[in-house]
Amino acid sequence: MSENGKIILLHTGLIALLLALNFILPAYHHGNIARVMVLASYAIGYNILLGYTGLLSLGHALFFAAGMYGMGLSIRHLGFSPAPALMMGIAAGALVSVAIGALALRTSGVAFMIVTLMFAQAGYLTILLFGKWTRGDEGFVIQQAERILWGIDLSDANNRYLAALVLFALCLFAALWLVRHPVGRVFVAIRENEERAQLLGYNVFLYKLAAVVASGTISAAAGASYGLLFGYAGATFATVQYSIFPLLWVLLGGMGTVIGPFLGAVFMFYLIDLSSGITNAYMLIAGVALVLLTLFAPQGIGGEFRRRVWGWLP
């Protein structure tokens with residue numbers, strides 16, 4: 001089989017497996033995997049920026065929250081139905097990513113990390129400042145009647161799972177297409193040697209801005225979908241921890257692999273879930289496991305598969 005055929009088969013097989021799990025998983029894990037798929041979509045967006053372009057952002061929660069609140073506020077205050085509200089959330093994330101990218105990319109390295117963190121904190125404080133509309137830390141619930149998309153009730157567990165799967169499949173194959181496209185190859189060239197890419201005639205700033213916008217838009221789509229599928233929008237999703245989570249998922253799953261964000265999100269979600277069932281100090285167990293994984297699989301789960309088994313893994 002050709003390399004391209006193997007790549008398509010692997011990623012299509014993952015979607016097929018997740019579809020099959022919809023019919024056999026018990027209720028608890030069924031809900032968990034639906035949540036993981038949405039969060040993995042968020043991590044896929046982050047991976048485009050860090051894994052393929054080499055830009056470490058500490059403010060990606062801003063894009064996730066922009067999508068969530070763009071969707072939620074348009075339903076709550078503008079009376080939008082779910083479909084246009086979802087588009088509003090994605091558009092909000094895209095606009096925010098253009099603005100933040102244009103400003104933050106004037107810096108590089110550690111300064112870029114700090115600037116993105118500052119913008120994310122500003123976004124979080126803005127949510128609190130306009131608490132009259134956003135409900136601040138308390139957040140707000142999106143009612144069941146407001147979550148019916150094209151006649152499909154997204155509060156139903158089965159419908160929610162399938163909708164999460166559609167989102168994940170779209171993000172997965174969009175990322176797969178992008179990283180194999182010439183634009184994605186330029187992203188990788190910038191990651192490996194920005195100066196050489198510039199000498200070859202590429203407008204590095206514009207390509208990096210494109211990476212920020214692609215990353216932010218996918219993250220916003222995940223945020224908007226999360227709020228719609230699980231019926232809640234809150235300021236918690238704009239905090240620093242939701243900028244750190246996708247970083248951990250990408251590092252653990254395999255930075256610069258399309259499948260890595262999903263592997264990292266599943267691993268981290270269930271590591272914390274199982275640890276919390278053993279002790280209140282579950283983060284200690286999770287921390288030890290993460291250290292061991294970092295020591296013995298420094299390229300992440302997907303990265304180790306690529307190094308040891310599937311050298312063609314994109």
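Values for this structure:
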read-out	value
Scope the stretch 279-311; condition surrounded by 12 or more Cβ atoms within 10 Å (Cβ to Cβ), part of a loop (DSSP other than H, G, I, E, B) and at pLDDT below 80; matching residues	Trp310
Selected residue (criterion: farthest from the chain's Cα centre (by Cα)) from residues of the stretch 140-163 that are buried (at least 19 other Cβ atoms within 10 Å of the Cβ) and not aromatic (Phe, Trp, Tyr)	Glu146
Residue among Leu86, Leu95 that is part of a helix (DSSP H, G or I), free of Cβ contacts under 8 Å to residues at least 60 places away in the same chain, of a type in the set (A, V, I, L, M, F, W, C) and closer than 21 Å to Ala221 by Cα	Leu95
Flag for Arg106 being more than 22 Å from the chain's Cα centre (by Cα), over 26 Å from Ala16 (Cβ atoms), in a loop (DSSP other than H, G, I, E, B) and without any contact (Cβ under 8 Å) to a residue 24 or more places away in the chain	yes
Condition check for Leu172: over 17 Å from the mean Cα position of the chain (by Cα), part of a helix (DSSP H, G or I) and among the aliphatic types (A, V, I, L, M)	no
Members of the stretch 168-191 found to be within 15 Å of Gly54 (Cα to Cα) and touching a residue at least 12 places away in the same chain (Cβ under 8 Å), listed by number	Val179, Val183, Gly184, Val186, Phe187, Val188, Ala189, Ile190, Arg191
Ala238 within 29 Å of Phe140 (Cα to Cα) and either touching a Ser or Thr at 6+ places or on another chain (Cβ under 8 Å) or hydrophobic (A, V, I, L, M, F, W, C) (or both)	yes
Residue in the stretch 192-208 that is in contact (Cβ under 8 Å) with a residue 60 or more places away in the chain, among the aliphatic types (A, V, I, L, M), closer than 22 Å to Ala102 by Cα and part of a helix (DSSP H, G or I) present	no
Residue ID - surrounded by the fewest Cβ atoms within 10 Å (Cβ to Cβ), chosen from residues in the stretch 121-130 that are within 10 Å of Ala235 (Cα to Cα) and not hydrophobic (A, V, I, L, M, F, W, C)	Thr126
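Residue-wise test of (1) within 18 Å of Val98 (Cα to Cα); (2) modelled with pLDDT of 95 or more; (3) in contact with an Asp or Glu (Cβ under 6 Å, 6 or more places away or on another chain).
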| site | (1), (2), (3) |
| --- | --- |
| Met1 | no, no, no |
| Ile7 | no, no, no |
| Gly13 | no, no, no |
| Met37 | no, yes, no |
| Gly45 | yes, yes, no |
| Ile48 | yes, yes, no |
| Ala61 | yes, yes, no |
| Phe64 | yes, yes, no |
| Met68 | yes, yes, no |
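Listed here are the residues, each with its yes/no results for (1) over 19 Å from Leu229 (Cα atoms); (2) free of Cβ contacts under 8 Å to residues at least 12 places away in the same chain; (3) loosely packed, with under 14 Cβ neighbours inside 10 Å; (4) among the polar types (S, T, N, Q).
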site: Ala40; (1), (2), (3), (4): no, no, no, no
site: Gly45; (1), (2), (3), (4): no, no, no, no
site: Ala111; (1), (2), (3), (4): yes, yes, yes, no
site: Phe119; (1), (2), (3), (4): yes, no, no, no
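The values are calculated or read from the model by the stated rules, or taken from the named source; none is laboratory data. In this text, all values refer to a predicted model and were calculated from it rather than measured experimentally. We place every Cβ from the backbone using ideal geometry, glycine too, and count neighbours over all the protein chains shown.
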